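Novice: Encoded as structure tokens, here's the structure I'll be asking about.
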Amino acid sequence: MSLNPTLSSKLARDVYALSKLPSLRLAMADLKDRYGNQFSFAESNMLTAKTGPIGIKISTAFGFVLEMQSGPKGKEKPNGHAVIVFRGTESAADWLTNANVMTSSTASGLSVHDGFHQAFKSMQEKTSTLLGSLKNIHTIHCIGHSLGGALATLCADWLKEQNKTAYLYTFGSPRTGLHPFAKNLTTKMNGNIHRVYHRTDPVSVIPIWPYTHVPESGADYLLYSSGDFFNAKYHSMAKAYCPKVAGHSWSSLPTLREAPKSDFTIMRWLKSKVKMVFSYNSIMNLNDALMFVLKQSGYVIPKTITSSLSLLDSMAYALKKGLTLAATAAKWIVLLVKKLLEILGVVKDVKADLLSKDFLRELLSRLHQKVATEADKALRIGLA
Amino acid sequence: MFKKIIISFILLIFSYGVYAMSVKPCLFSGMTGVINYEGKPAANVRLLRKIEGKDVDETITDENGYFEFKVVFKKKAFFDFLPTEFAVQQIITAIRDDKEYPMWIGVKRHEEENAESRGKPLVVECELTLEEENYMRINDGIYFTLCTWDVEADPKIDHGTGFDESGEKS
């Protein structure tokens with residue numbers, strides 16, 4: 001049985017403050033007050049991780065493992081459930097990690113964002129020891145907000161690879177892995193994923209395709225936010241996500257999944273002269289157009305990515321091939337390149353035969369960077 | 001009449017927008033107060049304040065046990081942390097006759113000034129000989145202190161058994 005939205009969102013919120021308390025004694029006093037005797041700490045339950053670019057690794061407390069002491073109505077105690085809660089993004093170092101689009105392979109052999117993966121790997125051993133020290137645990141609930149959502153996602157995948165029963169709860173999570181990873185995890189989790197997000201939460205749109213959210217299909221929980229422009233306030237766990245889901249059951253929250261766009265809609269957008277602004281609709285159109293054009297070029301997302309051929313290399317290679325081999329694809333590639341240049345603020349004539357593989361790769365790289373920095377900027381407005 | 005209501009509503013939304021844009025994240029609100037020792041105002045108590053990401057600053061109580069700490073905002077800096085989810089550790093240690101007292105251990109969770117006291121000026125009265133810290137949760141923040149101040153704690157949100165008893169996705 002899954003945790004309810006109130007408890008899972010409270011844990012995702014409370015981990016921020018809990019991980020900032022200077023001693024375990026105070027953290028335990030706080031937890032006891034908040035959750036009565038519902039949870040007990042496992043011994044030395046703090047998770048730490050190193051984040052940041054090469055040379056500037058910063059070690060911070062990232063989460064907790066807690067053992068539940070009581071179960072759902074009518075169940076005997078102890079009930080065999082544990083929760084693992086990950087804290088989200090907080091420092092600039094985290095954001096530099098987020099802007100990095102390198103991929104690496106998880107235990108399931110599928111590609112995920114390397115920055116998230118490195119952060120998870122740095123706490124994996126500790127997590128393993130902590131979970132191993134819990135007796136008679138049969139179900140683990142992985143919870144996180146923001147980067148914490150990505151870490152919870154990787155944790156759920158890692159637990160499923162060990163044939164454990166896992167539930168996943170994410171709030172305002174970025175996209176953690178490439179499409180094959182998202183599809184594989186969605187199948188493995190068999191409906192036990194609760195993804196909660198706002199359209200105007202800037203973190204929920206990064207990184208762009210082929211990074212894909214989990215669940216890849218089925219229900220997710222889209223909360224109401226006004227307008228189309230990103231706003232930092234919709235990313236706040238304490239002020240936006242927590243109050244909105246409190247008191248709900250999962251079945252009483254809206255489960256609107258936006259329908260995939262038709263090829264016709266995407267083609268019309270590529271041909272349109274609509275000015276690009278950094279809004280949800282623009283980014284999603286771009287996301288879908290990228291997917292459409294690459295598919296037209298015969299691109300298949302590699303299941304594993306080697307160091308000699310990175311994700312961006314493989315995409316640039318497919319686009320270049322599309323330009324030379326398929327006349328129908330070439331037309332859409334040129335239109336996409338025009339859109340990308342417009343977003344990047346570059347005025348340039350685009351001629352199909354002049355587009356080199358290196359140029360296309362650079363364009364894709366700058367696009368990822370641009371989306372990450374724009375999301376970052378949106379988070380700063382109103383806060384700085 | 002109806003028009004007037006609409007116009008004032010629009011103005012209200014607009015002014016909120018301006019307000020939201022102008023909020024500077026406050027790391028520790030300005031604090032004034034009195035330090036007591038065994039119920040009496042304690043003079044010459046050194047107070048060291050450590051705010052996460054900032055250098056330690058300090059003050060000392062006067063003959064009436066009175067002290068003041070100025071408000072600290074987050075400065076813009078290229079490599080400063082971006083509070084995408086605001087959570088700042090606040091610690092004040094009191095030193096009297098070479099003995100240290102954990103006067104204030106807090107985590108501020110809302111960026112507004114005076115979030116520690118729900119918008120009112122933060123005026124505290126502290127007793128160094130208190131055996132157990134006072135524990136308060138205010139605006140999602142946590143405060144373990146030797147102080148009291150005029151504020152109401154957050155209401156508890158009931159999460160029931162914690163499990164989704166509605167039966168969906170069980």
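Novice: What whole number of Å gives the distance from the Cα centroid of the range A:238-302 to the Cα centroid of the range A:109-130?
Specialist: 27
Novice: Pick from A:ILE208, A:ILE143, A:ILE266: which residue has the top mean-square fluctuation in a GNM of chain A where Cα pairs under 10 Å get a spring?
Specialist: A:ILE266
Novice: Filter A:LYS275/A:LYS351; A:LYS183/A:LYS261; A:LYS20/A:LYS121; A:LYS261/A:LYS303; A:LYS339/B:LYS75; A:LYS160/A:LYS377 down to the pairs with a C-alpha to C-alpha distance above 26 Å, please. Could you put the intermediate results ahead of the total?
Specialist: Working: A:LYS275/A:LYS351 21 Å; A:LYS183/A:LYS261 19 Å; A:LYS20/A:LYS121 22 Å; A:LYS261/A:LYS303 24 Å; A:LYS339/B:LYS75 36 Å; A:LYS160/A:LYS377 36 Å.
The answer is A:LYS339/B:LYS75; A:LYS160/A:LYS377.
Novice: Also: Going by how many other beta carbons lie within 10 Å of each one, how would you line up B:ASP98, A:ASP220, fewest first? Before the final figure, lay out the partial values.
Specialist: On the way: B:ASP98 6, A:ASP220 21.
So the residues, fewest neighbours to most, are B:ASP98, A:ASP220.
Novice: How many angstrom separate the Cα center of the range B:120-170 from the Cα center of the range A:309-367?
Specialist: Their Cα centres are 54 Å away from one another.
Novice: Which ordering of A:HIS138, A:HIS81 is given by a fewest-first count of other beta-carbon atoms within 10 Å?
Specialist: Ordered by Cβ neighbours within 10 Å, fewest first: A:HIS138, A:HIS81.
Novice: May I ask you to list the residues of the range A:98-135 whose amide nitrogen lies under 18 Å from a point 7 Å from Cα along the Cα→beta-carbon direction of A:ARG366?
Specialist: A:100-101
Novice: Who wins for biggest fluctuation among A:VAL347, A:VAL196, A:VAL245 in a Gaussian network model of chain A, springs between alpha carbons below 10 Å?
Specialist: A:VAL347
Novice: Would you please classify the overall shape of chain A from the alpha carbon gyration tensor, given that a ≥ b ≥ c denote the square roots of the eigenvalues, rounded means a/c under 1.5, and beyond that prolate means a/b larger than b/c while oblate covers the rest? All intermediate terms of the calculation are to be shown ahead of the outcome.
Specialist: Numbers: a/c = 1.99, a/b = 1.87, b/c = 1.06.
Prolate is the answer for chain A, as a/c is 1.5 or above and a/b outweighs b/c.
Novice: Please compute, for peptide A:14-23, the average count of beta-carbon atoms on other protein chains lying within 10 Å of each residue's beta-carbon. Could the numbers behind the result be given before it?
Specialist: Working: counts 4, 2, 6, 11, 3, 3, 12, 6, 7, 3.
Going residue by residue through A:14-23 and averaging, the value is 6.
Novice: Continuing with the same structure: For the residues B:SER117, A:SER8, what sequence is obtained by ranking on other C-beta atoms within 10 Å, fewest first?
Specialist: With the sparsest Cβ surroundings first, the list reads B:SER117, A:SER8.
Novice: What angle, in degrees between 0 and 90 and rounded to the nearest 10, separates the Cα long axis of helix A:179-189 from the longest principal axis of the Cα atoms of chain A?
Specialist: Approximately 30 degrees, to the nearest ten.
Novice: To the nearest 10 degrees, how steeply does helix A:147-161 sit against the main Cα axis of chain A, on a 0 to 90 scale?
Specialist: 80
Novice: Here's another thing I want to ask about it. The range B:84-170: which GluC sites (Glu not before Pro) are DSSP loop and have at most 10 other beta-carbon atoms within 10 angstrom? Each step should come with its number before you reach the end.
Specialist: Values: sites: B:GLU85, B:GLU100, B:GLU111, B:GLU112, B:GLU113, B:GLU116, B:GLU125, B:GLU127, B:GLU131, B:GLU132, B:GLU133, B:GLU152, B:GLU165, B:GLU168; in loops: B:GLU85, B:GLU111, B:GLU112, B:GLU113, B:GLU131, B:GLU132, B:GLU133, B:GLU152, B:GLU165, B:GLU168.
Answer by residue number: B:GLU131, B:GLU132, B:GLU152.
Novice: Next up: Using alpha carbons only, how many degrees (0 to 90, rounded to 10) separate the axis of helix A:327-343 from the longest principal axis of chain A?
Specialist: 60
Bear in mind that the values in this text are calculations on the coordinates, not laboratory data. Because the structure is predicted, anything quoted here is derived from the model rather than measured. Glycine also receives a Cβ, built like all others from the backbone with ideal geometry; neighbour counts cover every protein chain displayed.
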